[in-house]
Amino acid sequence: MGKSCKVVVCGQAAVGKTAVLEQLLYANHVAGSEPMETLEDIYIGSIETDRGTREQVRFYDTRGLRDGMEFPRHYFTFADGFVLVYSVDSKESFKRMEALKKEIDRHRDKKEVTIVVLGNKLDRQDERRVDANMAQNWAKNEKVRLWEVSVVDRRTLIEPFVYLASKMTQPQSKSTFPLSRNKNKGSGSTDS
């Protein structure tokens, strides 16, 4: 197990961010329970990657965003990954998630971060307001992975989080430190 990855879970108020984490990590979400407002909670989970290694992930469950609220800037500085959550029964929550993605892109300062998008409340098909194909096309254009999930069915939550942990902890295949391949092997200057 390497370093602990820090993942910020964010989205509009009442889209099920806390329920997703509670169900994923503890399998204890009660369907139909009243949403409770979160200020900020931290959850620590151990997730098996697609390479078979277990990685510790620290999830920052953030306060749900309401109209006029800005996403706190300090999350951009330390996050290794983001889980953006919207509700399939709320077009407004999808628009808020799109704005969050733009904000992350603007503030991440060239830092490589993994972003996963969850369309929650898949069990509410009859109340759907966000078209699944439109959402997938948006994700493809933004170069992020999107899953539609339901906290009622915990199995839908596993794949996105295995992907997230695997992507954030994949071994570096190349050095990110550029080495110049100078044909002049001497240590002196080539100026004349």
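The values are calculated or read from the model by the stated rules, or taken from the named source; none is laboratory data. Since we're looking at a predicted model, the values are computed, not measured. Cβ sites come from the backbone with ideal geometry, for glycine too, and all protein chains shown count toward neighbours. Heads up: the accessible areas ignore ligands, DNA and RNA and are worked out on the full protein's heavy atoms, side chains in. Shrake-Rupley method; radii C 1.70, N 1.55, O 1.52, S 1.80 Å.
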Problem set entry | Whole-Å semi-axes of segment 32-143's equivalent ellipsoid (Cα gyration tensor) | 23, 18, 17
Exercise. Which value results when the Cα radius of gyration for segment 77-151 is divided by 2.2 N^0.38 Å?
Worked result: 1.11
For this session: Please calculate the 1.4 Å probe accessible area of F71, with all protein chains present, and give it to the nearest 10 Å².
Result: 10 Å²
Seminar exercise, completed: Expected field for H74, accessible surface area in Å² at 1.4 Å probe radius, rounded to 10, holds 100 Å²
For this session: Report the far tail of the P(r) of segment 1-60, meaning the percent of Cα-Cα pairs longer than 16 Å.
Result: 50 percent
Exercise. Share of antiparallel DSSP beta bridges in the chain, in percent to the nearest 5?
Worked result: 30 percent
Problem set entry | Dimensionless Rg ratio for the chain, taking C-alpha atoms and the 2.2 N^0.38 Å reference | 1.21
Problem set entry | Residues of segment 5-30 with amide N under 11 Å of a point placed 7 Å along Cα→Cβ from K111 | 6-8
For this session: State the antiparallel share, in %, of DSSP beta bridges confined to segment 1-95, rounding to the nearest 5.
Result: 45 percent
Problem set entry | Distribution of pairwise C-alpha distances over segment 107-149, 5 Å bins, in % | 5, 20, 26, 20, 13, 9, 5, 2, 0
Seminar exercise, completed: Listed residues Q56, Q23, Q125; largest mean-square fluctuation, Gaussian network over the chain with Cα springs below 10 Å, found at Q125
Exercise. Cα axis of helix 155-168 to longest principal axis of the chain: angle in degrees, 0 to 90, nearest 10?
Worked result: 20 degrees
Exercise. By how many degrees, 0 to 90 and rounded to 10, does the Cα axis of helix 91-107 deviate from the longest principal axis of the chain?
Worked result: 20 degrees
For this session: Report relative contact order for the chain in percent, whole number only (criteria: Cα-Cα under 8 Å, sequence separation at least 6).
Result: 25 percent
Problem set entry | segment 54-155, accessible area per residue, ligands and nucleic acids excluded (1.4 Å, Å²) | 54 Å²
Exercise. For segment 1-83, which whole-number percentage of the solvent-accessible area (1.4 Å probe, protein heavy atoms only) is attributable to carbon and sulfur atoms?
Worked result: 51 percent
Seminar exercise, completed: The set of residues whose placed amide H lies less than 5 Å from the amide H of E148, leaving out same-chain residues fewer than 5 positions away, is G119
Exercise. Tell me, what is the 1.4 Å probe accessible area of V20, in Å² to the nearest 10?
Worked result: 0 Å²
